[in-house]
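Following: one structure in structure tokens, then a few remarks.
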Amino acid sequence: MALRSLVQTYWITRLIRGRGALARAVQRRLTVAATALWLTALPAGPAAAPGPGTIEVTVDTAKTGAKIDRNIFGQFAEHLGTGIYEGVWVGRDSPIPNTRGIRNDVVAALKALKVPNVRWPGGCFADEYHWRKGIGRDRAVSLNPNWGGVLEPNTFGTHEFMDFAGQISAEAYVSVNVGSGTPQEGAEWLEYLTAPPETTLGKERGANGHPAPYKVAYLGIGNESWDCGGNMSPEYYLSQLKIYSRFVRNFNPAQQATDKMLKIAVGPGGDGPRWTEWTDTIMKAWQARTWSWDVDGLSLHFYSVPKWPPSLKSVGFGEDEYAQIVKTTLEMEKLVTQHSAIMDKYDPEKKVALVVDEWGAWYAPLPGSKPGFLVQQNSVRDAVLAALNLNIFARHADRVRMANIAQMVNVLQAMILTDKEKMVLTPTYHVFKMYVPFQDATFVPVTFTAGFYTHGDIALPRVDAIAARDASGVLWLALANVDPTQQADIALKVPGVVAATASGETLTGPAVDSVNTFEAPNTVAPKPITAKAENGRLALTLEPTSVTVIAIR
Ligand code: AHR
């Protein structure tokens, strides 16, 4: 074990240091030596050693970890660009097939993902959203100043969102306006949504078509209150949080004893003193809380953007841009670890979840797209990015119990792209679908020697892997080959299990920047893969820049 940690320490050190030609040359030699040491350190088993260059992955079924909460596969749908209007809502009179105005193709695609929850109406939009404009017959037309200053018709409001969530069988995660709203406005919105039908607001809800109280599973109290949500100091936000936590109540009779609404506070937006202070302030106050307020989650926002404003292209990019953004995305690990450690200090029992309710790749807008609409394509690179982030969340499943990728349709790292009646599923969509078996499965530790993919000054782990056991006992393994230049041969060991077969799906494309388009929707689509039993191990080859999910039976 001492040798193992020595080698691990070496790799970690190498990841964070290492600049310059000499350092790189030395590191390359050390990498070979370290890999050799690691392989020698593995306990000898009955199976023959894998061939040179093969990465041995051992699934330790004797140990189990936390439940991977299905909520980490949550979605985020903001009134931004065509994320809602066109992407979800086409209106009842549209020639695009719809159910009560919500497009059927998008609903069917999302149902297949078993989306656990959808966060709405923002984002920055949430802190300027006034819910009364979005109910009743005559909707107010307002503007969307955050996102292109376009008209906001408010035709997609409270009832339409709850209908949409119901159609895809997802829970509602409603973000209440703290920035430009008031506690009274927020309290009345939740009363309108959840109070019994006999109350005045319950009657109004009934008159608008839904007499029964809605279930609101999650309440977000503000959004990025340190920035677009009002530029508040942690102390100022904390005082608001206490007020909203106390007064924005859920009255649904079915959510009083069980199924209680969980409240999520605004959390940090990065690492460094500004953000650790934010987490510390909220969690310290939470530890000293009185009966009159509480929260169940603290949010974390982190986008994969090497530098602001986002300038990397989402199509037609090269290996430099690939390596840069994978390096950036892996910083999620550091952020989750750092903020979890602060939370552990005040909440060792891990009652408060870390909710990564905005994450994903943020590129330069597609040329010709409308300003402020955050339109980007989605490539094989994004599939790898999605898998790496989901793996990080799964490895921190004891604390990270919810996450929402930004965003669901047509915005940033979307699952789905639409153009009028056309719809296409992105590589990220396919990863979410392949990962469905991990929803609520129990984490099983995996050990492997990742090796390195190096490009210029950047050294990244060559592969990544997680495993989990689902409720029916099936063992699932997800593998990502980060390297765009070479395949990865995997030798899979599951001690104590005579794995007869392992099969599933693998996702890649002709190139790292391959995308799905309306004309060629299946350029990046999952294909079947089967592992071969060889020398007491299961052998499989991962294509360059690919994501693979297999069941070991
Ligand atoms: O997802 C786009 C925007 O990014 C959200 O509105 C905001 O919360 C974040 O800054």
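Numbers at a glance
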{"quantity": "Unique match (being modelled with pLDDT of 95 or more, within 20 Å of T99 (Cα to Cα) and surrounded by 14 or more Cβ atoms within 10 Å (Cβ to Cβ)) among A187, A165", "calculated": "A165"}
{"quantity": "Members of the range 493-510 found to be part of a strand (DSSP E or B) and at pLDDT 95 or above, listed by number", "calculated": "S503, G504, E505, T506, L507"}
{"quantity": "Qualifying position, being of a type in the set (S, T, N, Q), open to solvent by 70 Å² or more (accessible area, probe 1.4 Å) and closer than 22 Å to P234 by Cα, among Q287, Q256, Q338", "calculated": "Q287"}
{"quantity": "Residue match in the range 502-509 (condition: more than 18 Å from P526 (Cβ to Cβ) and hydroxyl-bearing (S, T, Y))", "calculated": "no"}
{"quantity": "Residues (out of contact with any Asp or Glu (no Cβ under 9 Å at 6 or more places or on another chain), over 16 Å from V176 (Cα atoms) and either open to solvent by less than 60 Å² (accessible area, probe 1.4 Å) or of a type in the set (D, E) (or both)) located in the range 233-250", "calculated": "S233, E235"}
{"quantity": "Exclusive hit being open to solvent by 30 Å² or more (accessible area, probe 1.4 Å), farther than 12 Å from V266 by Cα and at pLDDT 95 or above, set T194, T182", "calculated": "T182"}
{"quantity": "Contacts under 9 angstrom Cβ, first residue in the range 446-465 being under 18 Å from N389 (Cα atoms) and among the small types (G, A, S), partner part of a loop (DSSP other than H, G, I, E, B) and modelled with pLDDT of 95 or more, 6 or more apart", "calculated": "A450/R462; A450/V482"}
{"quantity": "Checklist (1) over 24 Å from W291 (Cα atoms); (2) more than 26 Å from the chain's Cα centre (by Cα); (3) open to solvent by less than 10 Å² (accessible area, probe 1.4 Å) applied to P213, failing item", "calculated": "(3)"}
{"quantity": "Any strands (runs of 3 or more DSSP E) falling wholly within the range 145-228 and containing at least 2 residues that are touching a helix residue (DSSP H, G or I) at 6+ places or on another chain (Cβ under 8 Å)", "calculated": "171-176, 218-221"}
{"quantity": "Search result, residues across the range 89-111 that are in a loop (DSSP other than H, G, I, E, B) and open to solvent by less than 40 Å² (accessible area, probe 1.4 Å)", "calculated": "V90, G91, S94, I96, G101"}
{"quantity": "Whichever residue in the range 131-144 is in contact (Cβ under 8 Å) with a residue 24 or more places away in the chain and not in a helix (DSSP H, G or I) and, among such residues, is farthest from the ligand (Cβ to nearest atom)", "calculated": "G136"}
{"quantity": "Residues located in the range 112-130, provided they are part of a loop (DSSP other than H, G, I, E, B), open to solvent by 10 Å² or more (accessible area, probe 1.4 Å) and aliphatic (A, V, I, L, M)", "calculated": "none"}
{"quantity": "Checking K67 against (1) open to solvent by 50 Å² or more (accessible area, probe 1.4 Å); (2) within 16 Å of the ligand (Cβ to nearest atom); (3) over 29 Å from K203 (Cα atoms), the condition it does not meet", "calculated": "(2)"}
{"quantity": "First in the range 357-376 and over 18 Å from V431 (Cα atoms) and within 13 Å of the ligand (Cβ to nearest atom), second anywhere and of a type in the set (S, T, Y) and open to solvent by 30 Å² or more (accessible area, probe 1.4 Å), Cβ under 6 Å, 6 or more apart", "calculated": "V375/S369"}
{"quantity": "All positions within the range 74-130 that are within 16 Å of the ligand (Cβ to nearest atom), within 16 Å of M162 (Cα to Cα) and β-branched (V, I, T)", "calculated": "I84, V88, V118"}
{"quantity": "Candidate set: the range 229-258, residues that are free of Cβ contacts under 8 Å to residues at least 40 places away in the same chain and in a loop (DSSP other than H, G, I, E, B); chosen: the one farthest from the ligand (Cβ to nearest atom)", "calculated": "A257"}
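A quick yes/no check of all residues on (1) open to solvent by 40 Å² or more (accessible area, probe 1.4 Å); (2) under 15 Å from H301 (Cα atoms):
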site	(1), (2)
E333	yes, yes
K351	yes, no
S369	no, no
Q376	no, no
A383	no, no
M402	no, yes
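The rows are residues; the columns are (1) over 27 Å from T64 (Cα atoms); (2) in contact (Cβ under 8 Å) with a residue 60 or more places away in the chain; (3) surrounded by fewer than 20 Cβ atoms within 10 Å (Cβ to Cβ).
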| residue | (1), (2), (3) |
| --- | --- |
| I490 | no, yes, no |
| S503 | no, no, yes |
| T506 | no, no, no |
| G509 | yes, yes, no |
| P528 | yes, no, yes |
| N535 | no, yes, yes |
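The values are calculated or read from the model by the stated rules, or taken from the named source; none is laboratory data. Worth saying up front: this structure is predicted, and the values here are computed from it rather than measured. With ideal geometry, Cβ positions are generated from the backbone for all residues, glycine too; neighbour counts draw on all protein chains shown. The area values use the complete protein model at the heavy-atom level, side chains included, leaving out ligands, DNA and RNA. Shrake-Rupley method; radii C 1.70, N 1.55, O 1.52, S 1.80 Å.
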